[in-house]
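Step one of this worksheet: look at the structure below.
Coordinate-derived values only; no laboratory data. Fair warning: this is a prediction, and the values are worked out from it, not measured in the lab. Cβ atoms come from the backbone with ideal geometry, glycine included; neighbour counts cover every protein chain shown.
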Amino acid sequence: MRILSLVHGPLVRAEFFGDVVQEDGHELEEWSVVDEQAVPSAVDGYDAVFIFGGHMNVDQEREHPWLRGEDALIRELVSRGVPLLGVCLGGQLLAKAAGAHVGPSPERENGFVHVTSTDAAEDDPVFGSLPREFHAFTLHEYAFRVPEGAIELARSNVCSQAFRLGESAWGVQFHPEVRAAQVAEWVRDNPAFPNREQIVTELRDRIDEWQSLGAKLCRAFLAAAEREVQVSIGRSSRRDHSCHEPS
């Protein structure tokens, strides 16, 4: 598959997810939404899309006017049924594009938090492969509410952690894609994280188990995207056959 990765800075790229995508034989093309005006090629040329995190918030369109264009793009992707996975800011942008409230979280979640999947997650193509309960690595100031018509898939004690919109778009609040060195750069000299040493130390201690879960989530999403590609090919084939049938 050909996959587009939307990134919002040099420290918030595909990271571990990029390894999984390449190991499984897919092509990952990156688009820096902040620095580049246009998508590398036509949106319909991609089979799936990742949207990753960033230090900005979804309501900072005055400071970051490119957020308006990204909002329009996400709406287009959802309307086309392109398989999409939004992570942290990416999940918040998906929720906002779907009309849900996104704003300051009831409290910050920094580091590992206990997450429980909902009953609906059991039959979900992505979350059905994950444990019913797990500890997720989070770093966020804002949080999303579940869009109307979407299905909540996981929660912490503070906020929603995951949802599915339609049949092929997922948003998660936690960070299944990170490396420890990446997070160390996020929190270094940042007064917003007074417990930054604890955050990084715990992540380094638990990185193997966390990336194991991240790989499982990533591969489940890729499998769901591949199924959608096959369905789309089938639809196209049936249309072409219909067009050539004798009248």
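Structure notes:
- Each Lys and Arg Cβ is given +1 and each Asp and Glu Cβ -1; about its Cα centre, the range 33-156 then shows a dipole of about 140 debye.
- Binning all Cα-Cα separations of the range 117-229 at 5 Å, short to long from zero, yields these whole-percent fractions: 2, 11, 21, 21, 20, 13, 9, 4, 1, 0.
- At 0.890 mPa s and 25 °C, Stokes diffusion of the range 70-144 via Kirkwood alpha-carbon radius, µm² per second: 177 µm²/s
- Mean shadow area of the range 1-93 over all directions, Cα convex hull, nm²: 5.6 nm²
- Loop-located GluC sites (Glu not before Pro) in the range 134-183 (DSSP state not H, G, I, E or B) with no more than 15 neighbouring Cβ atoms inside 10 Å: 148, 167.
- Model label zone, residue 32; criterion: amide N under 15 Å from point 7 Å along Cα-to-beta-carbon; scope the range 162-193: none
- Placing a label point 7 Å from the Cα of residue 231 along the Cα-to-Cβ direction, the residues of the range 151-194 whose backbone N falls under 14 Å from that point are 165-170.
- Distance in nm between pseudo-label sites at residue 44 and residue 24 (7 Å out along the Cβ direction from Cα): 2.5 nm
- Antiparallel content of DSSP bridges confined to the chain, in %, to 5: 55 percent
- Magnitude of the charge dipole, the chain, Cβ model with Lys/Arg +1 and Asp/Glu -1, debye to 20: 320 debye
- Ranking 176, 166, 154 by how far each Cα lies toward the positive end of the dipole of the range 100-184 (charges on Cβ) leaves 176 at the top.
- Only the Cβ atoms of Lys and Arg (+1) and of Asp and Glu (-1) were treated as charged; on that basis the dipole of the range 48-106 about its Cα centre amounts to roughly 140 debye.
- Full extension of the segment from residue 141 to residue 62, taken as 0.36 nm per residue of separation minus the current Cα-Cα distance, would add 26.6 nm.
- Treating r as the C-beta distance of residue 192 and residue 212 and R0 as 30 Å, the FRET efficiency rounds to 0.55.
- Estimated from the Cβ-Cβ distance and a Förster radius of 25 angstrom, the FRET efficiency linking residue 71 and residue 2 is about 0.60.
- A P(r) calculated from all alpha carbon pairs of the range 142-205, with 5 Å bins opening at zero, reads 4, 16, 20, 15, 18, 13, 10, 5, 0 percent.
- Panel values: the chain, Kirkwood radius from alpha carbon pairs, Stokes-Einstein at 20 °C and 1.002 mPa s, translational diffusion coefficient 116 µm²/s.
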